[in-house]
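Below is one structure; the comments refer to it alone.
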Ligand code: FES
């Protein structure tokens, strides 16, 4: 059951297989209470997350997107999360230019042993998304979005 009262929203989570997915699993196994709005997509590394994945999710109806990977220096592939951090930081600045509230996107680092941290991250982000409400529909004729959707 959702911790946040009211309507369940659609939040997409891209989680790296080696740390954050384990952290989410730890939170589940430890039976920490979490919101149920998050839909998890497991990726090999946060470095695998193309910023366009985030934009496409948001313009196609997701109310929020969360990306989580291993802590810096802990990446299973050595430096994937450094690439991710650079790209995702730029993405955060880019989102307002396509009419998306940057607060709808968040990235973080959670290790496999940090179930409590995962629960806290998901709860805080979900609460924020509920405060923002559902994503407003995007006009179908916006050229920039047409190209992103393709
Ligand atoms: Fe987790 Fe690279 S393997 S961020």
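Key figures for this structure:
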{"quantity": "The chain, relative contact order in percent, only Cα pairs under 8 angstrom and at least six apart counted", "calculated": "34 percent"}
{"quantity": "Packing-based order for 107-117, 90-100, 16-26, using average beta carbon neighbours within 10 Å, highest first", "calculated": "16-26, 107-117, 90-100"}
{"quantity": "Anisotropy class of the chain from Cα gyration tensor, a/c 1.5 cut", "calculated": "oblate"}
{"quantity": "Spin-label model distance (nm) - residue 83 vs residue 32, 7 Å beyond Cα toward Cβ", "calculated": "2.9 nm"}
{"quantity": "Helix-only [θ]222 nm of the chain, DSSP H runs n ≥ 4, -39500 (n - 2.57) each, per residue, nearest 500", "calculated": "-12000 deg cm²/dmol"}
{"quantity": "Förster-model FRET efficiency, 30 Å R0, residue 94 and residue 127, C-beta, rounded to 0.05", "calculated": "0.75"}
{"quantity": "Which of 42, 31, 10 has the fewest Cβ neighbours within 10 Å, and the rest in rising order", "calculated": "31, 42, 10"}
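A short reminder: the numbers here are calculations on the coordinates, not readings from a lab. Predicted model, so just to flag it, every value in this text is computed and none were measured. Virtual Cβ from ideal backbone geometry, glycine too; neighbours counted across all protein chains shown.
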